Number of protein chains: 2
Amino acid sequence: RCFHFCKLPGRVMGIRLLRFTSVVIIVLLLVAGALTALLPTIKDDKLPNSRREPKTQSQSALDSFTLIMQTYNRTDLLLKLLNHYQAIPHLHKVIVVWNNIGEKTPEEMWNSLGPHPVPVVFKVQTVNRMRNRLQNFPDLETKAVLMMDDDTLVSAHDLGFAFSVWQQFPEHIVGFVPRKHISTPSGVYSYGSFELQNPGFGNGDQYSMVLIGAAFFHSGYLEEFQRQPEAVYALIDETQNCDDIAMNFLVAKHTGKPSGVFVKPVDIRNLEKDTNSGYSGMWHRAEHLLQRSYCVNKLVSIYDGMPLKYSNIMISQFGFPNYANHKNKM
Amino acid sequence: RCFHFCKLPGRVMGIRLLRFTSVVIIVLLLVAGALTALLPTIKDDKLPNSRREPKTQSQSALDSFTLIMQTYNRTDLLLKLLNHYQAIPHLHKVIVVWNNIGEKTPEEMWNSLGPHPVPVVFKVQTVNRMRNRLQNFPDLETKAVLMMDDDTLVSAHDLGFAFSVWQQFPEHIVGFVPRKHISTPSGVYSYGSFELQNPGFGNGDQYSMVLIGAAFFHSGYLEEFQRQPEAVYALIDETQNCDDIAMNFLVAKHTGKPSGVFVKPVDIRNLEKDTNSGYSGMWHRAEHLLQRSYCVNKLVSIYDGMPLKYSNIMISQFGFPNYANHKNKM
């Protein structure tokens with residue numbers, strides 16, 4: 001049949017090769033087509049719910065932190081702050097501690113406005129307690145916790161830097177609000193800030209606490225908080241105050257060192273005045289500071305001693321916003 | 001003889017008692033007089049030499065530091081600075097490294113102006129070398145060394161605070177002058193300060209060295225410096241420069257962390273202009289900075305790698321000079 005072709009081996013080889021390659025190409029096209037049909041369909045951007053695994057959850061537990069924000073009667077501020085905090089670098093997840101008992105969380109609205117950079121979990125509470133935020137939440141996957149009050153705005157720069165400082169001092173409360181106790185000749189302690197006399201260790205002031213309403217600390221301390229004497233919980237519940245002082249006592253007792261490391265914030269703001277709820281924070285109550293002095297003395301008696309230690313270390317970020325922050329006459 | 005007396009026992013007893021007590025009193029007076037004669041004579045205040053043990057030498061080796069100050073051709077500045085530094089709290093001793101070869105030290109004048117708060121030892125050198133100050137002086141009794149250039153005045157407040165910071169970071173060079181290296185695409189390093197680009201780790205600047213001409217560090221590093229490769233000594237001698245860069249390499253390699261901790265000085269001054277000698281420091285030489293970049297690259301090749309690490313931690317003293325240094329809008 002192919003005599004005249006067969007006599008010319010090149011041409012015969014040529015056509016056989018051509019047939020072969022044609023068959024191969026057709027088969028490959030069919031396979032490609034089949035594979036294309038098997039590709040998943042591209043979903044549209046608006047997800048009815050954000051249960052899909054965001055890529056940030058692959059961040060190592062050591063390189064990211066969980067924001068825990070307790071909220072009461074200031075949902076407008078909460079949502080404003082969440083828009084800011086959800087985008088902070090190294091944030092792993094947000095846990096909102098919902099102290100608005102009996103009220104629906106804004107989860108539906110939150111989801112309808114997704115997708116969001118990180119998962120946000122609303123933990124509905126049954127009783128409006130100050131210490132609700134100090135539970136050992138199973139949702140916590142990171143070593144670091146960032147705890148923020150629901151009326152406090154700290155810039156991303158400050159948070160990024162403070163997180164890097166926490167990573168160098170992981171056993172301390174690393175935050176933006178320093179406070180101190182002082183002892184008096186009667187042995188009764190008093191709580192306060194710069195307005196109190198400096199503890200007498202040379203010049204300058206000292207602090208012995210860093211408040212947890214704007215601070216990073218190790219998630220292990222939440223676990224340890226569950227193992228405190230009942231009297232500590234009773235004190236916090238009685239005053240609806242002092243959970244942060246109790247945490248400083250816990251950390252100081254655990255480390256034998258000053259509980260906190262103060263990072264001087266470049267941009268920290270209190271948004272209280274901006275709320276529509278008309279609700280202003282607990283610290284406006286007349287008895288607030290007196291309560292806190294009371295708490296210091298009660299905690300000393302519960303822990304049978306004063307574990308808080310003084311520090312005068314103030315940390316700032318070198319060369320930020322610019323090198324003027326470390327210029328000198330040399 | 002005493003019949004009429006003896007008949008009256010009271011009167012006899014009285015006189016015998018009187019005699020007895022008189023004798024006792026006279027004997028006591030004689031003894032007292034003898035003791036007084038044996039008391040050491042009170043020396044006048046001007047001691048011909050201050051070899052008497054000052055009370056400060058009882059300070060624990062951990063609670064005090066030794067000032068090491070190398071000097072060349074600026075004896076007027078040296079003496080001015082010594083008057084200031086000799087009185088710094090927690091100072092144990094001063095070691096002056098005398099690089100004025102063949103010239104008498106001011107020891108005689110120093111002694112004639114005593115007493116002094118602490119001992120000052122003048123170490124006469126045989127060759128004028130930059131690295132003379134990095135010997136492991138047998139006079140060193142403290143764990144901490146404060147090294148100062150002979151033209152640098154740092155306030156007592158700054159030194160007291162920086163010493164307390166060193167005690168919390170004893171494996172680091174804790175000082176007042178931060179510098180950095182940067183790498184370039186060619187792999188060649190450059191040395192500099194704020195004028196160089198920020199190393200690309202987020203915002204703000206970073207430093208990778210703290211200069212030892214105004215810093216605290218552990219005396220153990222002087223011992224370790226004696227065990228460095230010969231090439232390091234050759235480099236320092238060739239350039240009469242870079243001993244401080246070499247120390248930062250040593251410390252970074254030893255700790256695996258940033259070598260230094262920068263403490264922002266409140267009051268640091270360069271007294272160069274005040275000298276009568278007309279001599280201004282080495283850093284005025286045209287090639288000074290280029291030499292230091294050269295040293296960085298040579299040290300990388302000697303140590304077979306770049307051990308320096310970056311830090312952006314800047315430490316200040318909380319509430320000093322006053323609380324304005326940590327005030328914020330909250």
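The values are calculated or read from the model by the stated rules, or taken from the named source; none is laboratory data. This structure is a prediction, so every number in the text was calculated from the model and none was measured. Note: ideal-geometry Cβ built from the backbone for every residue, glycine included; neighbour counts use all protein chains shown. Protein only, heavy atoms only, side chains kept; ligands, DNA and RNA dropped before computing areas. Shrake-Rupley method; radii C 1.70, N 1.55, O 1.52, S 1.80 Å.
Some points to look at:
- Ranking B:Ala286, B:Ala156, B:Met209 by how far each Cα lies toward the positive end of the dipole of region B:65-315 (charges on Cβ) leaves B:Met209 at the top.
- Of all accessible heavy-atom area on chain B, the percent that carbon and sulfur account for (1.4 Å): 59 percent
- Within the listed set A:Ala286, A:Ala87, A:Ala156, the residue fluctuating most in the Gaussian network model of chain A (springs between alpha-carbon atoms under 10 angstrom) is A:Ala286.
- Average accessible area per residue (Å²) across region A:65-315 - probe 1.4 Å, nucleic acids and ligands excluded: 40 Å²
- Charging the Cβ of each Asp and Glu at -1 and of each Lys and Arg at +1, and nothing else, the dipole of the protein assembly as shown about its Cα centre rounds to 840 debye.
- For residues of A:305-318, the mean tally of beta carbons on other chains within 10 Å: 5
- Take every Cα pair under 8 Å whose residues are at least 6 apart in sequence, average their separation, divide by the length of chain B, and the relative contact order is 18 percent.
- At least 40 Å² accessible surface lost relative to isolated chain, residues of region B:182-224 (1.4 Å probe): B:Phe194, B:Asn203, B:Asp205
- The helix-only estimate of mean residue ellipticity at 222 nm for chain B, built from DSSP H runs of length n ≥ 4 each weighted as -39500 (n - 2.57), is -10000 deg cm²/dmol after division by the residue total.
- Buried area at the B-A interface (accessible, heavy atoms, 1.4 Å probe, summed, Å²): 3200 Å²
- All other residues whose Cβ lies under 14 angstrom from that of B:Leu134 are scored, Lys and Arg at +1 and Asp and Glu at -1, for a net of -1.
- For a straight C-alpha distance cut-off of 17 angstrom, the aspartates and glutamates reachable from B:Lys180 (same-chain residues fewer than eight places away being disregarded) are B:Glu195, B:Asp205, B:Asp243, B:Asp244.
- The protein assembly as shown: C-alpha pair distances exceeding 37 Å, %: 55 percent
- Axial C-alpha extent at least 30 Å, average Kyte-Doolittle at least 0.0 - helices from chain B (DSSP): B:9-38
- Across the cross-link table entries B:Lys143/B:Lys273; A:Lys264/A:Lys309; A:Lys80/A:Lys264; B:Lys104/B:Lys264, which are compared at the Cα atoms, the separations over 31 Å belong to B:Lys143/B:Lys273; B:Lys104/B:Lys264.
- Highest-fluctuation residue, B:Thr184, B:Thr142, B:Thr71 considered, GNM on chain B with Cα pairs under 10 Å: B:Thr184
- Shielding score for A:269-278, defined as the mean number of other chain Cβ atoms within 10 Å: 1
- Subtracting the Cα-Cα distance of B:Ser60 and B:Glu238 from their residue separation scaled by 0.36 nm leaves 60.2 nm.
- The calculated FRET efficiency for B:Glu230 paired with B:His284, based on their beta-carbon distance and R0 = 35 Å, is about 0.75.
- Within the shell of other residues whose beta carbon sits under 14 angstrom from the beta carbon of B:Tyr323, the net charge comes to +2, with Lys and Arg scored +1 and Asp and Glu -1.
- Residue ranges B:101-110, B:211-220, A:200-209 sort as B:211-220, A:200-209, B:101-110 when ordered by packing (mean number of other C-beta atoms within 10 Å per residue, highest first).
- The label-point distance for B:His254 and A:Asn128, in a model that sets each label 7 Å from Cα toward Cβ, rounds to 5.8 nm.
- Computed log₁₀ I(q)/I(0) - Debye formula, equal Cα scatterers, no solvent, region B:65-315, q 0.08 Å⁻¹: -0.30
- Over 24 Å between alpha carbons, listed pairs A:Lys327/B:Lys298; A:Lys123/A:Lys257; A:Lys298/B:Lys327; A:Lys257/A:Lys298; A:Lys93/A:Lys298: A:Lys327/B:Lys298; A:Lys123/A:Lys257; A:Lys298/B:Lys327; A:Lys93/A:Lys298
- Among B:Ser193, B:Ser112, B:Ser22, the residue with the largest mean-square fluctuation in a Gaussian network model of chain B, with springs joining Cα atoms closer than 10 Å, is B:Ser22.
- Efficiency of FRET from Cβ geometry, B:Thr184 and A:Ala156, R₀ 25 Å, rounded to 0.05: 0.25
- Other residues whose C-beta falls under 13 angstrom from the C-beta of B:Ile302 contribute a net charge of -1, scoring Lys and Arg +1 and Asp and Glu -1.
- About its Cα centre, the dipole of region A:177-330 is roughly 680 debye, where the only charges are +1 on Lys and Arg Cβ and -1 on Asp and Glu Cβ.
- Once both labels are positioned 7 Å from their Cα atoms along Cα-to-Cβ, the gap between A:Glu223 and B:Glu103 label points is 6.5 nm.
- Placing +1 on the Cβ of every Lys and Arg and -1 on the Cβ of every Asp and Glu, with no other charges, gives chain A a dipole of roughly 1980 debye about its Cα centre.
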